[in-house]
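Visitor: Please see the structure below; I have some questions.
The values are calculated or read from the model by the stated rules, or taken from the named source; none is laboratory data. Keep in mind that this is a model prediction, so the values were computed, not measured. Note: ideal-geometry Cβ built from the backbone for every residue, glycine included; neighbour counts use all protein chains shown.
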Amino acid sequence: MFKFANDPFEYVAPSVCIGVVLSMILGPMYFPRIWILFLAGYFMIIFGTQFNHLFQFYKTSTKIKRTINKDQDNTTNHIITEMESCLAFDDLVHAIVVPNYSEPEALIKDTINRIAIHKKARTNYVLVLAMEASELFHTTKSDHLKEYFNDKFLDFIVTNHPSDLPGEARGKGSNISYAARKACAELIQKGMDIKRIMITIADSDSHIPELYMTEVEREFKFTEDPYFKVYAPPIFFSRNCFNVPAAVRVTDITWSSMMMANLSGSRGIGFPCSTYSLSCVLADKVGYWDTDADAVGEDMHMTLKCIFKTQGRARMVPIFVPINLMNVETEGYLSNLNARFVQAKRHYNGVADVSFTLRNALNLLPTCCTDSHYNSFEKMIIVLKVFETHFVPVTSGWIMFLSVPLMKIVFSFENPIMDSSFYMHVWHILKLTSVFLPVPLFCTLFIYENLHRFIDLEFLNKTKQESRTWINYFDYISMPVAAWLFMTVPSNIASCKRLFKSRDQYIVAEKIFHDSL
């Protein structure tokens, strides 16, 4: 039985969702001039935001290439400078948490095996296999994996997250929180200093290169206040991209591009996606990961929690090494589209972070916090970034695709702005702007294609035939379908559900694993 939410901040997301749909219909008919001004302001904000993303994505792309080229030069020439030798920060122990639920054993085995080949795996890596007790035969799977990797790591810890812990909701966040607590407690009990432990969260399909760990250690050694940082890499989809429909590829490319742009923001205010690292000191200080239903977007939510719980001391640090992930893949074209839609609905349930952010940003005013490490302006940036993440998908599909055509239809019967030259000018500029709105996005995707081929050829050692070519530009024909099916519709569903206090069944999108990936 549904119950209305009792937190006033929970009504922000559904109000935006319902408001934009109603205004699309009522605006042109009942208050056309106000609606035109609103659209002009919205388009200007989107246009400016997209150009900013283009600039930030270019910076990220350049830094990724620079990091990879530097690593390739050092590998090829075997150059080890005095500074490079100091970067072997052997005191850090990486506890790599691999949460999973009903994932193919072969996929998890492949993921762990790619970590096991790192040079420091036996001396500085602890693999934490985070199982769910509710999964059938989870013990058999974990026993097989632990036996196979028995001597490949400094330690191999298996945790079995119970499904009936009070106040918890099923999901990646609750699994991670349980596994990280158990693993860190076990390592500390064995005599390890908590300051040595760096927790890395990985998806079950994450290909974590050795260079990522090296760069995390580099940043830890040289960045200010390293224990209070969330280390975030870009995500990248190249493992099975040609096995899925073009709409799925385009969706994940766009998602990946947005996350890369987010990494080059200023003031250390940004969010990781899927794979990231933070010190055990920081995780312990903030009480590890939240486990309720409102923390389903665990990567963004944990970063926000770290920032708020430390009064702004915690910040994000970008690690410009791509983490290669898999697209959702099932048998059959329509089944694959449905699986990606299921995944999108789960991702956009992270809209719960809107109310979480507003509650914390408004309750932490500088007047009562003498040790605050951020100011009101930075808190406003955090709120705006969260709004952008969740409200652009909710509104852009409706406004960017339908607002101008709907107004043209209404104005063909009666045009209430004909008697005003000002509003007529605004209307003509609006129509022109709507044509050019996608330009920054297309420029971003053009840069992405170059970056994708570079990573494939220079970092993943693929051949030109195995990477994307000019023919793949035709993938973007499916972008309108992808935008509506995997962005607008699921984000609107997730926003409207915030009206009610309901608990969804946690469904994992299917992934088929091929040994050749």
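Visitor: Within the stretch 302-327, which residues are over 30 Å from residue 62 (Cβ atoms) and either touching a strand residue (DSSP E or B) at 6+ places or on another chain (Cβ under 9 Å) or not aromatic (Phe, Trp, Tyr) (or both)?
Guide: Step one: filter the stretch 302-327 for residues over 30 Å from residue 62 (Cβ atoms), giving 305, 308-311.
305, 309, 310, 311, listed by residue number.
Visitor: I'm checking my understanding of the structure. Among residues of the stretch 272-312 that are of a type outside the set (A, V, I, L, M) and touching a His at 6+ places or on another chain (Cβ under 9 Å), which one is surrounded by the fewest Cβ atoms within 10 Å (Cβ to Cβ)? Steps first, answer last, please.
Guide: Filtering the stretch 272-312 down to residues of a type outside the set (A, V, I, L, M) leaves 272-277, 279-280, 284-285, 287-292, 294, 297-299, 301, 303, 305-306, 308-312.
Filter once more, so that each one left must be touching a His at 6+ places or on another chain (Cβ under 9 Å): 277, 289-290, 294, 297, 310-312.
Working: 277: 27, 289: 24, 290: 21, 294: 21, 297: 26, 310: 19, 311: 15, 312: 24.
Here the answer is 311.
Visitor: Restricting attention to the stretch 151-204, report how many residues are more than 25 Å from residue 300 (Cα to Cα) and buried (at least 17 other Cβ atoms within 10 Å of the Cβ).
Guide: Total meeting the criteria: 8.
Visitor: Moving to a separate point now. Please find, within the stretch 219-253, the residue that is surrounded by the most Cβ atoms within 10 Å (Cβ to Cβ) out of those that are of a type in the set (Ser, Thr, Tyr) and at pLDDT below 95.
Guide: The first filter runs over the stretch 219-253 and keeps only residues of a type in the set (Ser, Thr, Tyr), leaving 223, 227, 231, 238, 251.
From the residues that got through so far, the ones that are at pLDDT below 95 too are 223, 238.
Numbers: 223: 14, 238: 24.
The residue in question is 238.
Visitor: Kindly establish whether residue 167 is small (Gly, Ala, Ser), over 15 Å from residue 278 (Cβ atoms), free of Cβ contacts under 8 Å to residues at least 24 places away in the same chain and out of contact with any strand residue (DSSP E or B) (no Cβ under 8 Å at 6 or more places or on another chain).
Guide: Working: small (Gly, Ala, Ser): yes; over 15 Å from residue 278 (Cβ atoms): yes; free of Cβ contacts under 8 Å to residues at least 24 places away in the same chain: no; out of contact with any strand residue (DSSP E or B) (no Cβ under 8 Å at 6 or more places or on another chain): yes.
The answer is no for residue 167.
Visitor: Look through 303, 291, 357 and report the one residue that is assigned to a loop (DSSP other than H, G, I, E, B) and of a type in the set (Val, Ile, Thr).
Guide: Working: 303 fails: assigned to a loop (DSSP other than H, G, I, E, B); 357 fails: assigned to a loop (DSSP other than H, G, I, E, B).
The match here is 291.
Results for (1) more than 30 Å from residue 421 (Cα to Cα); (2) loosely packed, with under 15 Cβ neighbours inside 10 Å; (3) modelled with pLDDT of 85 or more, shown as yes or no for each residue.
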site: 42; (1), (2), (3): no, no, yes
site: 61; (1), (2), (3): yes, no, yes
site: 72; (1), (2), (3): yes, yes, no
site: 79; (1), (2), (3): yes, yes, no
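Residues checked against (1) in contact with a Cys (Cβ under 6 Å, 6 or more places away or on another chain); (2) over 30 Å from residue 44 (Cα atoms); (3) of a type in the set (Val, Ile, Thr):
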site: 435; (1), (2), (3): no, no, yes
site: 443; (1), (2), (3): no, no, no
site: 446; (1), (2), (3): no, no, no
site: 449; (1), (2), (3): no, no, no
site: 458; (1), (2), (3): no, yes, no
site: 466; (1), (2), (3): no, yes, no
site: 471; (1), (2), (3): no, yes, yes
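Visitor: Wholly within the stretch 95-188, which helices (runs of 4 or more DSSP H) include no fewer than the required count, namely at least 2 residues that are hydroxyl-bearing (Ser, Thr, Tyr)? Don't jump to the end; show me each part of the working.
Guide: On the way: elements: 105-116, 121-124, 138-148.
Here the list reads 138-148.
Visitor: Can you say whether residue 266 is free of Cβ contacts under 8 Å to residues at least 40 places away in the same chain and either among the basic types (Lys, Arg) or in a loop (DSSP other than H, G, I, E, B) (or both), as far as the supplied structure shows? Quick ask: steps written out before the conclusion?
Guide: On the way: free of Cβ contacts under 8 Å to residues at least 40 places away in the same chain: yes; either among the basic types (Lys, Arg) or in a loop (DSSP other than H, G, I, E, B) (or both): yes.
It is true that residue 266 is free of Cβ contacts under 8 Å to residues at least 40 places away in the same chain and either among the basic types (Lys, Arg) or in a loop (DSSP other than H, G, I, E, B) (or both).
Visitor: Identify, from the list 257, 204, the residue that is assigned to a loop (DSSP other than H, G, I, E, B), of a type in the set (S, T, N, Q) and in contact (Cβ under 8 Å) with a residue 24 or more places away in the chain.
Guide: Checking each option against the conditions leaves just 204.
Visitor: Sticking with this structure for a sec: Inside the stretch 231-254, can you point out the residues that are in a helix (DSSP H, G or I) and touching a strand residue (DSSP E or B) at 6+ places or on another chain (Cβ under 6 Å)? Quick ask: steps written out before the conclusion?
Guide: Keep residues of the stretch 231-254 that are in a helix (DSSP H, G or I), which gives 241-243, 246-254.
Result: 243, 252.
Visitor: Restricting attention to the stretch 207-230, which residues are under 21 Å from residue 65 (Cβ atoms), of a type outside the set (Val, Ile, Thr) and not in a helix (DSSP H, G or I)?
Guide: 207, 209
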